[in-house]
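Before any comments, here is the structure.
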Amino acid sequence: MGDLVDWYNAAEQEGKLSPVELAALFHYRYIRIHPFEDGNGRIARLMVNYILTRHDYPMIVVRSRKKSEYLEALHQTDLEVGPLPSDGAHADIKDIRPFMKYFNDLVTTEVYNDVLFISERKENVWWYDGERIVFRTPNYTKILNAMRTQPSLTLADMKEETGISVTAIQKLLDQLISKKYVERGEKDGSWRVFVTQ
């Protein structure tokens with residue numbers, strides 16, 4: 001660990017690597033020395049976000065549903081670098097091409113989505129788990145806004161609030177629930193909305 005920290009401090013001071021390269025290489029080297037029994041990936045991603053934010057980049061998230069892509073990039077890099085932990089602990093930026101490509105794509109997507117989230121203001125555009133959702137009909141937005149402001153609404157209340165028929169509301173709710181954009185509380189029956197504008 002001491003060698004990794006010394007390398008990081010020297011590499012940051014030297015300034016030859018971009019912040020994205022520095023974060024990716026730190027992550028890979030850290031993963032390869034595997035200092036803890038459990039949680040190495042989480043700690044590595046935490047440190048990556050520290051490095052990125054230290055250099056005025058946005059934080060990144062490896063989404064659970066895309067974790068296989070992350071693991072595959074690490075695996076492909078391991079194949080190129082070699083099996084020994086010391087090989088990975090001393091890898092250079094040119095050695096980690098598969099992971100660097102994955103990481104660049106992840107940061108680029110995160111920056112793009114952050115810009116969209118801040119700049120795009122359309123009624124039918126919502127966000128869920130880091131991804132942009134565009135609803136085809138304004139009825140989704142009417143229902144979601146009603147549920148956000150009044151979580152205890154019944155179907156009849158929603159009809160009165162939105163002007164949409166109960167049958168149409170039920171169909172739209174079924175779709176929202178199936179995609180996990182909303183859920184109804186078991187105890188109090190109130191709506192929880194997981195999408196945001």
Size of the dipole of the chain about the Cα centre, Lys and Arg at +1 and Asp and Glu at -1 on the beta carbon, nothing else charged, in debye to 20? 880
Would you mind working out the magnitude of the charge dipole of the range 125-193 relative to its Cα centre, with +1 at each Lys and Arg C-beta and -1 at each Asp and Glu C-beta, to the nearest 20 Debye? 200
For helix 2-14, what angle does its Cα long axis make with the longest principal axis of the chain, in degrees from 0 to 90 and rounded to 10? 80
Answer with one residue from Ala91, Leu4, Ser18: the one whose Cα lies farthest towards the positive end of the charge dipole of the range 2-119, charges on Cβ with Lys, Arg +1 and Asp, Glu -1. Ser18
Could you point to the residue in Gly82, Met147, Thr108 farthest towards the positive end of the range 61-197's charge dipole, with +1 and -1 charges on the Cβ of Lys/Arg and Asp/Glu respectively? Met147
Between [x] 1.82; [y] 1.36; [z] 1.10, which entry matches Cα Rg over 2.2 N^0.38 Å as derived from the coordinates of this structure? [y]
Mind jotting down the distance between the C-alpha centroids of the range 96-140 and the range 1-36, whole Å? 28
Least to most buried among Tyr70, Tyr181, Tyr28 (fewest other Cβ within 10 Å first): Tyr70, Tyr181, Tyr28
In deg cm²/dmol and to the nearest 500, what is the mean residue ellipticity at 222 nm of the chain if only DSSP H runs of at least 4 residues count, each as -39500 (n - 2.57), divided by the residue total? -19000 deg cm²/dmol
Virtual spin-label span in nm between Glu72 and Asp38, 7 Å along Cα→Cβ: 2.8
Peptides ranked, highest mean first, by Cβ atoms within 10 Å: ranges 166-179, 90-103: 90-103, 166-179
Gain on full stretching of the segment that runs from Glu160 to Ala10 - 0.36 nm per residue minus C-alpha separation: 47.6 nm
What spacing in nm lies between the two simple spin-label points modelled at Asp105 and Phe194, each 7 Å away from Cα in the Cβ direction? 2.4
Using the crude model of +1 on Lys and Arg Cβ and -1 on Asp and Glu Cβ, and no other charge, please compute the dipole size for the range 2-119 relative to its Cα centre, in debye to 20. 360
Could you work out how much longer the chain between Asp56 and Lys94 gets when fully extended? Use 0.36 nm per residue separation minus the Cα distance between them, nm to one decimal. 11.3 nm
Which of the three applies to the range 1-113, rounded, prolate or oblate, going by the alpha-carbon gyration tensor with a ≥ b ≥ c and a/c under 1.5 meaning rounded? rounded
In nm, to one decimal, how far is the Met47 label point from the Glu120 one, both placed 7 Å along Cα→Cβ? 3.5
Indicate the gyration tensor shape class of the range 125-193 (rounded, prolate or oblate), computed on the Cα atoms with a ≥ b ≥ c the square roots of the eigenvalues: a/c under 1.5 is rounded; otherwise a/b larger than b/c is prolate and the rest oblate. oblate
If I stretch the segment between Met1 and Ser18 completely, what's the gain in nm (0.36 nm per residue apart, minus their alpha carbon distance), one decimal? 3.9 nm
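Bear in mind that the values in this text are calculations on the coordinates, not laboratory data. None of these values were measured; they are calculated from a predicted model. Please note: Cβ atoms are built from the backbone with ideal geometry, for glycine as well, and neighbour counts cover all protein chains shown.
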